[in-house]
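Below is one structure, written out as structure tokens; comments come after it.
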Amino acid sequence: MTSNQVPPVTPGDLPPDAPRGLMARFRNYFLTGLVVAGPVAITLYLTWWFVNWVDNLVRPFVPTAYRPETYLPFGLPGSGLIVAVIALTLLGFLTANLIGRTLVDLGERLLGRIPAVRAIYRGLKQVFETLFSGNGSSFRRVGLVEFPSPGMWSIVLISQAPSPELAASLPGAEEHISVFLPCAPNPTTGFFFYVPKSKIIEIEMSTEDAATLIMSAGVVQPGAADQKRAAALAGMANAARIANQAASLQPAASAKVE
């Protein structure tokens, strides 16, 4: 056997699995149960909180004769949510007609004459129209901006370009774009600013993945599940390769003994 030749590997030479104690198994089982039950419990809690919040908000507007708890010994969660969905649907149906559109325009003109309410209403209306419109492009793209200092990059949600009046006031001749920088771990708060278009690096990431990355403070990376699946497949392939090599060396070892 030369010095450059690799010695054969037999099954007895493979290192045994490391022993696992009772506490290590208990810890792994507990963490596994926490990973499975934690997201489900939080999701159910938030859903229950939202349903109760809508019920408490809508219940005062529903007559007592039409409330389920009037005829049942217990309250029926979600009844207010159903009433709210039906009411909003009917409101949208009536607004789509000529009479409903006329009434909405009349109400907007009345609100427009109140100085304090006018700014709030117009701002909220534009936000709702932008977020819930079918063809809206706001917050559909994700990018990177060098913030808060050179060499440090932050994830931003790309919005729309500024209005012509505001764009004319921005310094430089380069086109700017508005972005929203969410804060971790609460992505509903953050910073809004205008950035030159050349300073934004647009990345292939959905807004859901960006929100998950921000809320987890980088613990959950996009595509982590695919990476773990690929690593598991690679480990299985490596184990199969070692087993095949060991099986191919067994006949040779037995023939040498004879």
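Miscellaneous remarks
- Residues in the stretch 162-194 that are open to solvent by 60 Å² or more (accessible area, probe 1.4 Å), touching a helix residue (DSSP H, G or I) at 6+ places or on another chain (Cβ under 9 Å) and not polar (S, T, N, Q): Glu174, Glu175, Ala184, Pro185, Tyr194.
- Contact annotation: residue pairs with Cβ atoms under 8 Å, 6 or more positions apart or on different chains, pairing a residue in the stretch 190-219 that is of a type in the set (D, E, K, R) with a partner that is assigned to a strand (DSSP E or B) and open to solvent by 80 Å² or more (accessible area, probe 1.4 Å), are Lys199/Glu146; Glu202/Arg141.
- Output for the stretch 38-85, where each listed residue is part of a helix (DSSP H, G or I), more than 28 Å from the chain's Cα centre (by Cα) and of a type in the set (A, V, I, L, M): Val58, Ala65, Val83
- In this structure, Pro60 does not satisfy being closer than 22 Å to Leu88 by Cβ and open to solvent by less than 60 Å² (accessible area, probe 1.4 Å).
- When the stretch 137-149 is filtered for residues that are surrounded by 15 or more Cβ atoms within 10 Å (Cβ to Cβ) and either basic (Lys, Arg) or assigned to a loop (DSSP other than H, G, I, E, B) (or both), the ones remaining, listed by number, are Ser138, Phe139, Arg141, Phe147.
- Remark: pairs (first residue in the stretch 90-106, within 17 Å of Lys125 (Cβ to Cβ); second residue among the hydroxyl-bearing types (Ser, Thr, Tyr) and assigned to a helix (DSSP H, G or I); Cβ separation under 9 Å; 6+ apart in sequence or on different chains) = Arg101/Thr95; Leu103/Thr95; Val104/Thr95.
- Tally, over the stretch 98-109, of residues that are hydrophobic (A, V, I, L, M, F, W, C) and either open to solvent by less than 100 Å² (accessible area, probe 1.4 Å) or under 36 Å from the mean Cα position of the chain (by Cα) (or both): 2
- Restricting the stretch 195-209 to residues that are open to solvent by less than 50 Å² (accessible area, probe 1.4 Å) and within 19 Å of Gln221 (Cβ to Cβ), the residue that is nearest to the chain's Cα centre (by Cα): Thr207
- Pick from the stretch 6-37, criterion open to solvent by 100 Å² or more (accessible area, probe 1.4 Å) and part of a loop (DSSP other than H, G, I, E, B), ranking: modelled with the highest pLDDT: Arg20
The values are calculated or read from the model by the stated rules, or taken from the named source; none is laboratory data. Predicted model only: the values in this text are computed from it and were never measured. Counting neighbours? That spans all protein chains shown, and the Cβs are built from the backbone with ideal geometry, glycine included. Just the protein is used for accessible areas: all its heavy atoms, side chains included, with ligands, DNA and RNA removed. Shrake-Rupley method; radii C 1.70, N 1.55, O 1.52, S 1.80 Å.
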